[in-house]
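K.L.:
I'd like to ask you about the structure that follows.
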Amino acid sequence: MDVRVNKASVFVATGGKDFDPDLPTVLFLHGSGGDHRTWALQTRWFAYHGYSVLAPDLPGHSLSGGEAFTRIEDSAPWLVEFLDATGVKAAHIVGHSQGVLSALELSRLAPDRVLSLSCVASGAAIPVNPALIDTAKSSADQAAKMMCNWGFGPGAHQGLSSVPGMQPIAISRSIMGRNPLAVDLQACADYQDGLDVAKAVSVPAHCILASADKMTPMKAGLTLADALRASSTIIEGYGHMLPMEAPGQTLSALRTFIHTVQTGSVAA
């Protein structure tokens, strides 16, 4: 579906079902250079199992208009406007990489809009090599190639895929190479407040981390989990691109955590 936020059109994937704001909502936030396709399996499962799903292409990415956020802090007011536009009072927030930083800022700005926080392959800070940012400024495609070579775990590089006939490295490179990767990477590199913000989060949180993540190593994710007082799931043998690289394992961790929060088994 399409909504308008700040006079710009925003494309939102809803998991293959019509969006219903009266159902419990899960909001999925993609990482640097990504879009809604990051969450193809996860969004579909939630949409067909009692939840409504929002997986926007963030401003300036893929099918959405507007300009990409130059500061992580700027994403939080936009997300509030986005939730208002969709009629959602509060949602379970799921972020991947940069999307986690935006989720943290939303938690700081509008904690009443966040039911739970799921952090996939991220940390409280995401340092970025300046050489990668410089490469992205001159060629997003070349930077995407570098990120995919570094970001996927060993199985993906051997051609393994959870979807027969589809290669997640090639798909990711195609998506990132057409999006404002340099802007995203610079915003991540500049963001410094994540650890302090995480310590103030009061909703249930869960970190889903990859043992072979070279971009935000597991150690950084465990530091974030500690700051959030969060439980964690470690997915062995996979890299940074968990939602596409290990979609089933990522979904399993998300569905268990979010269902537990939604049914009240974990105190919010």
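K.L.:
Hey, any hits in segment 12-35 for a residue that's open to solvent by 20 Å² or more (accessible area, probe 1.4 Å), touching a Pro at 6+ places or on another chain (Cβ under 9 Å) and in contact (Cβ under 8 Å) with a residue 12 or more places away in the chain?
P.N.:
Within segment 12-35, not a single residue is open to solvent by 20 Å² or more (accessible area, probe 1.4 Å), touching a Pro at 6+ places or on another chain (Cβ under 9 Å) and in contact (Cβ under 8 Å) with a residue 12 or more places away in the chain.
K.L.:
Just checking, how many residues over segment 204-233 are aliphatic (A, V, I, L, M) and touching a helix residue (DSSP H, G or I) at 6+ places or on another chain (Cβ under 7 Å)? Spell out the reasoning first.
P.N.:
If we filter segment 204-233 for residues that are aliphatic (A, V, I, L, M), which is where we start, we get 205, 208-210, 212, 215, 218, 220, 222, 224-225, 227-228, 230.
Those still in the list that are touching a helix residue (DSSP H, G or I) at 6+ places or on another chain (Cβ under 7 Å) too: 205, 208-210, 212, 215, 224, 227-228.
Result for segment 204-233: 9.
K.L.:
I would also like to ask the following. Using the structure shown, decide if Gly155 is more than 15 Å from the chain's Cα centre (by Cα), touching a residue at least 40 places away in the same chain (Cβ under 8 Å) and in a helix (DSSP H, G or I).
P.N.:
So Gly155 fits the description; yes.
K.L.:
Could you pull out the residue among Gly31, Gly15, Gly95, Gly50 that is more than 23 Å from Asp184 (Cβ to Cβ), in contact with a helix residue (DSSP H, G or I) (Cβ under 6 Å, 6 or more places away or on another chain) and not hydroxyl-bearing (Ser, Thr, Tyr)?
P.N.:
Result of the check over Gly31, Gly15, Gly95, Gly50: Gly15.
The values are calculated or read from the model by the stated rules, or taken from the named source; none is laboratory data. Remember, it's a predicted structure, so these values are computed and weren't measured experimentally. As a convention, Cβ positions derive from the backbone with ideal geometry for all residues, glycine included, and neighbour counts pool all protein chains shown. To get the accessible areas, we keep the full protein, side chains included, count just its heavy atoms, and leave off ligands, DNA and RNA. Shrake-Rupley method; radii C 1.70, N 1.55, O 1.52, S 1.80 Å.
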